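Enquirer: Mind having a look at this structure? Questions to follow.
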Amino acid sequence: MLNKCLLVLGCCLSFTVAADTLPFEKYRQLREGMNEAQVLLLAGQPDRESTIALYYTFERIWYYIPEKGRHDPWITTIRFNAAGKVIQIEREKP
């Protein structure tokens, strides 16, 4: 019985916990040189992640994408180097 309750609770949480658009107030606090943990603490989990392989290194990119129909439709892109430091922050309207 307890296992079923935990399973139902876990399912409910997985549907309600999702990344969202990054508010402008938090976007303004992002800085180049921050590490991944600092960005996670400030902005939360990204909606998408990708990795780009370069010659002898790689870069990770985090995307914060708003839900369809939001009044704040800005997409925020944060690029990290192989050491996990922010090297670029972009915000654009699709």
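Throughout, read-outs are computed from the coordinates displayed, never taken from laboratory work. All of these numbers come straight from a predicted model, not from anything done at the bench. Cβ: placed from backbone, ideal geometry, glycine included. Neighbour counts: every protein chain shown.
Enquirer: Show me the chymotrypsin sites (Phe, Trp or Tyr not before Pro) within segment 18-87 that DSSP assigns to loop and that have at most 12 other Cβ atoms within 10 Å of their Cβ. Don't skip to the answer; put the middle values down first.
Expert: Details: sites: Phe24, Tyr27, Tyr55, Tyr56, Phe58, Trp62, Tyr63, Tyr64, Trp74, Phe80; in loops: Tyr55, Tyr56, Trp74.
Within segment 18-87, the qualifying chymotrypsin sites (Phe, Trp or Tyr not before Pro) (loop, at most 12 other Cβ atoms within 10 Å) are Tyr55, Tyr56.
Enquirer: If you don't mind, there's one more thing I want to ask. Could you derive backbone 3J(HN,Hα) for segment 39-54 from the dihedral phi with the Karplus parameters 6.51, -1.76 and 1.60 (θ = phi - 60°), listing whole Hz in sequence and x where the residue is Gly or Pro?
Expert: Each residue of segment 39-54 in turn: 5, 4, 5, 7, 9, x, 5, x, 6, 9, 9, 9, 10, 10, 7, 10 Hz.
Enquirer: Output ³J(HN,Hα) for segment 84-94: one whole-Hz value per residue in order, computed from phi by the Karplus curve 6.51 cos²θ - 1.76 cosθ + 1.60 with θ = phi - 60°, and x for Gly and Pro.
Expert: Here the 3J(HN,Hα) series is x, 9, 5, 10, 7, 10, 10, 9, 9, 9, x Hz.
Enquirer: Let me check I've understood the local charge: for Ile78, count other residues with C-beta under 13 angstrom from its C-beta, Lys and Arg +1, Asp and Glu -1. What total comes out?
Expert: On the way: positive: Lys26, Arg31, Arg48, Arg60, Arg79, Lys85, Arg91; negative: Glu32, Glu36, Asp47, Glu49, Glu59, Glu90, Glu92.
Taking every Cβ under 13 Å from that of Ile78, the sum is 0.
Enquirer: Once both labels are modelled 7 Å past Cα along the beta-carbon direction, what's the Leu40-Lys26 spacing in nm?
Expert: The answer from the label model is 1.4 nm.
Enquirer: Once you list every other residue whose beta carbon is under 14 Å from the beta carbon of Ile61, what net charge do they have if Lys and Arg are +1 and Asp and Glu are -1?
Expert: -1
Enquirer: If each of Lys85 and Arg60 carries a label point 7 Å out from its Cα toward its Cβ, how far apart are those two points in nm?
Expert: Reported label-point gap for Lys85 and Arg60 is 1.6 nm.
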